[in-house]
1. Just to be sure, is ILE110 touching a helix residue (DSSP H, G or I) at 6+ places or on another chain (Cβ under 9 Å), farther than 23 Å from GLY143 by Cβ, of a type in the set (A, V, I, L, M) and in a helix (DSSP H, G or I)?
2. Restricting the search to the stretch 106-133, which residues are hydrophobic (A, V, I, L, M, F, W, C) and over 17 Å from TYR239 (Cα atoms)?
3. Just checking, how many residues over the stretch 105-128 are surrounded by fewer than 12 Cβ atoms within 10 Å (Cβ to Cβ) and not basic (Lys, Arg)?
4. So, in the stretch 71-85, how many residues would count as being in contact (Cβ under 8 Å) with a residue 24 or more places away in the chain and more than 18 Å from the chain's Cα centre (by Cα)?
5. Go through (1) of a type in the set (Phe, Trp, Tyr); (2) under 25 Å from PHE65 (Cα atoms); (3) surrounded by 17 or more Cβ atoms within 10 Å (Cβ to Cβ); (4) at pLDDT 90 or above one by one and return the number of the condition PHE244 breaks.
6. Within the stretch 1-48, take every residue that is aromatic (Phe, Trp, Tyr) and within 19 Å of the chain's Cα centre (by Cα) and give me the one that is farthest from ILE110 (Cα to Cα).
7. The conditions are (1) at pLDDT 85 or above; (2) in contact with a Ser or Thr (Cβ under 6 Å, 6 or more places away or on another chain), and TYR61 fails exactly one of them. Which is it?
8. Tally time: how many residues in the stretch 159-196 are part of a helix (DSSP H, G or I) and under 17 Å from VAL79 (Cα atoms)?
Amino acid sequence: MSYLQALIIAIIEGITEFLPISSTAHMKLANPLLHVNESAFTNLFEVVIQLAAILSVVVVYWKKFVDFKNITFYIKLVVAMIPALIIGALLKKHIDAALSNLMFISCVMIGGGIILLFIDKLFTNNNMEEEKNISYPKAFIIGVFQSLSIVLPGLSRSAATIIGGMSQKLTRKLAAEFSFFLAVPTMFAASVKSFWDVYKDNPEVIAKDNMAMLALGGVVSFVVALLAIKFFINYVTKYGFRLFGWYRIILGVSFLVYLYTLPH
């Protein structure tokens, strides 16, 4: 991986991690276009930039995450994590197979895009504006929606949790913010496990020569994710999700066309 490739991939991760357009899909689709071959280092690099993007949520919502008097906030996140932990453990083989199927991911991108085209009209009377009003059962249901993104790579964890939140009467803004909150423990746990899986089989990837590229990717992903979060909250509060739906459909169709043109 060159520094230019690393820079582009970090920017893609920073933009897409918290938008409902699937960072997984973008990473899987970008790598072959950038001629980045899968290796122990590229796997580690993706884990590092994902962790950096997650850290941006903690920075943006710092007061929320260090308000230790509000213990119910942390309990809700744990409750919402449970479905993803169970599904991830039970269906690991299916998930690994789906992650390697670019055609499947492209189709899921299109399907998720169609849902986003209509989500604003499906949920028109949502009035829950504060996290404190989210009950434990509602948090669990949102977590069930999040687990769909594990089974269906390309759906987007953010999109799934936002749809789940809006189904529970959360406003667009709160649904997006709770999706960000839930990303921190969920994606941190997944990233730490991925980091360990890579490191235990290939300890040589933590080498001095690789540290500069990992640091570059982490910083870029963190800064871009900060900007993406602020943009997304402002945009979706005013305009809704339709733009992201069309984007997903266009990208999914474009990549299907690309896949069909490849020599078989």
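1. Working: touching a helix residue (DSSP H, G or I) at 6+ places or on another chain (Cβ under 9 Å): yes; farther than 23 Å from GLY143 by Cβ: yes; of a type in the set (A, V, I, L, M): yes; in a helix (DSSP H, G or I): yes.
The answer is yes for ILE110.
2. Answer for the stretch 106-133, where residues must be hydrophobic (A, V, I, L, M, F, W, C) and over 17 Å from TYR239 (Cα atoms): CYS107, VAL108, MET109, ILE110, MET128.
3. Matching residues across the stretch 105-128 total 4.
4. As a first pass, look at the stretch 71-85 and keep what is in contact (Cβ under 8 Å) with a residue 24 or more places away in the chain: 72-73, 75-85.
Subset that is more than 18 Å from the chain's Cα centre (by Cα): 72-73, 75-76, 79.
Residues flagged as in contact (Cβ under 8 Å) with a residue 24 or more places away in the chain and more than 18 Å from the chain's Cα centre (by Cα) within the stretch 71-85 amount to 5.
5. Failing condition for PHE244: (2).
6. It comes out as PHE45.
7. With respect to (1) at pLDDT 85 or above; (2) in contact with a Ser or Thr (Cβ under 6 Å, 6 or more places away or on another chain), TYR61 is out only on (2).
8. Counting residues in the stretch 159-196 that are part of a helix (DSSP H, G or I) and under 17 Å from VAL79 (Cα atoms) gives 20.
The values are calculated or read from the model by the stated rules, or taken from the named source; none is laboratory data. Keep in mind that what you see is a predicted model, and the values were worked out from it rather than measured. Positions of Cβ are generated from backbone atoms using ideal geometry, with glycine treated the same way; all protein chains shown enter the neighbour counts.
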